Structures are given as C-alpha cells and as structure tokens.
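Beneath this line is the structure, given in structure tokens, with notes to follow.
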C-alpha cells in the first residue's frame, strides 16, 4: 500500500486535471484509496468497474468505463475477500487498447500461483513477500520504459542507477531482503504445481462440505478462484462465528478485510467470515473447520 501511494503519485506527475483512473469493486482498498486521494488532490476522475453477482469482474462494464482520458486501469489478480481470480491478461489488453497503464495488485495472488508479468501484460505490479511467507515488505515491478520516464519523489543525492534505486528512499532493509530471498527459495523448493494441486484439492473439499446453514459469497468451484472463502452462517454475525472458531483454535477472519467495495456490492454491512487454505494446511484441518460449522 505504501508503494502504491508513492508510485501512483509519481505516475500522476504526467497527468492533467480531468484525467481518469479505472478501479474495480473487487479490489482491496490498497488499490483504491491511493487513486481516490490522488483524484482529490489533482482533480482526477475515478471510475469503478462493477462485479457480477458471482463476484467475477464484469469485463463489459470495465470496457464501458474506458475513455480517451483513462490513464490507469488498477485491478487485482485475485480478490483478498472472496478469492475470485481475474483474467489479468484480458484486463491488461483492454487497458492497453485504451492507451492506459495496466496496474496489477498481486498481493493476494502471491501465495497461490506463479507471477509472470510478461504473460500477464502488467505494466506495474505490486506484491508483498509477507503473503508468501516472507517478511513485511512491499515489492513493485514496473516496465523499464515507464520507470525511465517517471520522475520519482526522492532525496537529491540518492542514486538513479540501477533503475529501481531511484524509487527507494533511505537505506534498504537488508535483513528483510534476506528474508524475502529465503521466502522465494522456500516456495520454489515446494513448486507451484504441487502447491496449486494441494490447494485445489483442499478447496474442493471445503466447498463440497460447507453446511447448508452457510452462505458462500463468490465462485462455487475452484475453476476461477483461489482457496480463500468468504461466507456467513445463518443466524450468527461474522464476529460471533469468528470468535467461537477462534476459541477452538481455528484461525479465520471477519469483517471486510479492507475490501470495502466488495462488501458494499454484496450488501454485507457486517462483512463475512473468511477462511484461507494454503499449502501447509491439511485435509484434517479442513474437516475440523467444517465440523465446527455444523455445530452453529
């Protein structure tokens, strides 16, 4: 989020009042608020691309938001709230057809699959190693032609080369960078093929076993999602469900998880319960969660 605030302001030095940014109702607010604040300061226009009832991104609505004043299309690779995957390459293509920058938030996708910025068509991509079991850092990719052109906010003596250094402020956190490298090596030691197969199997187990008293929000199969699930239990608030599960040593979350627009779109004033399954979880743990949900 800190990187997004910094880089969005750097990019906007080239823009004019009335220029536009398109965001989506699927986004974490870390990819919405930077643009809203920028619009407030510079007189820009922020347009919201809608989602469908199944929480997939409405590409027709997104295309309708694009104009010759669109400068950025900011969108997630995967929803941190409901787990929905976005067709990143198609959204990037739509952005490029409009002459806009494809600005991807890959934070939530990070632990669930490989990131190939070239195949995705991303011009800028934001992520964080803490999502794939590393330290709390932000990382950003930007196409060299953009980074060469932008004038960053930095102290005057700071180096301009190599290219990424001009966007860094102060001494780098070398101990965190060592943890970042270790996290990449750890994930690589397991392999994405194994991770994705395991998460898909456990995700299907969760979806197949979800009690009738639970309402799932989002895609009801593993074909267009990652293994992050938002749901509510009939007759119980998200907070009540999360607290009771916590008392049984089952870690879930509740609320909106900063996915403000998703919850507004779904009409969930109190948000929902969120359960996330990753590569180190087991079938027994999924079954235990499902068993506890049966008791409500």
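Across region 192-294, how large is the tail of the calculated P(r) beyond 25 Å, expressed as a percent of all Cα pairs? Above the 25 Å cut-off, region 192-294 has 16 percent of its Cα pairs. Anyone know which of 216, 85, 177 comes out most mobile in the 10 Å Cα GNM of the chain? The residue with the greatest mean-square fluctuation here is 177.
Each of 96, 136, 174, 112 was scored by other Cβ atoms within 10 Å of its Cβ. Arranged with the fewest first, they read 174, 136, 96, 112.
Expressed to the nearest 5 percent, the antiparallel share of DSSP beta bridges inside the chain is 55 percent.
The modelled label-to-label distance for the pair residue 182/residue 45, using points 7 Å beyond Cα in the direction of Cβ, is 5.0 nm. Note on residue 64 and residue 97: the extension gain reaches 10.6 nm, defined as 0.36 nm multiplied by sequence separation minus the Cα-Cα distance.
For region 235-296, pairs of C-alpha atoms spaced more than 15 angstrom apart make up 54 percent of the total.
Angle of helix 2-11 to the longest C-alpha principal axis of the chain, folded into 0 to 90 degrees and rounded to 10: 30°. Mean residue ellipticity at 222 nm, helices only, the chain: -11000 deg cm²/dmol; runs of at least 4 DSSP H residues each add -39,500 (n - 2.57), and the sum is divided by the number of residues. Summary value for region 115-226: 18 percent relative contact order, contacts being C-alpha pairs under 8 angstrom separated by 6+ residues.
With a Förster radius of 41 Å applied to the beta-carbon distance between residue 189 and residue 17, the computed FRET efficiency rounds to 0.20.
A protection proxy built from the mean count of other Cβ atoms within 10 Å ranks the segments 275-282, 153-160, most packed first, as 275-282, 153-160. Length gained on full extension, residue 287 to residue 90: 67.3 nm, using 0.36 nm per residue less the C-alpha separation. With no solvent and one equal point scatterer per Cα, compute the Debye intensity ratio I(q)/I(0) for the chain at 0.07, 0.12, 0.13 Å⁻¹ and report its log10, rounded to two decimals. With no solvent term, the Cα-only Debye profile gives -0.28, -0.82, -0.95. Net length available on complete extension from residue 2 to residue 221 is 75.5 nm, with 0.36 nm assigned per residue and the Cα-Cα distance removed. The C-alpha atoms of the chain define a longest principal axis, and helix 283-294 lies at about 70 degrees to it. Taking the C-alpha atoms only, the angle from helix 238-247 to the longest principal axis of the chain is near 70 degrees. Evaluating kT/(6 pi eta Rh) at 37 °C and 0.692 mPa s, with the Kirkwood radius of region 118-227 over Cα pairs in the Stokes-Einstein relation, gives 187 µm² s⁻¹. Normalising the average separation of contacting C-alpha pairs (under 8 angstrom, six or more residues apart) by the number of residues puts the relative contact order of region 49-182 at 15 percent.
Only the coordinates and a few stated rules stand behind these numbers; no lab work does. Nothing here was measured: the structure is a model prediction, and the numbers come from that model. Ideal geometry is used to build each Cβ from the backbone, glycine not excepted, and the neighbour counts take in all protein chains shown.
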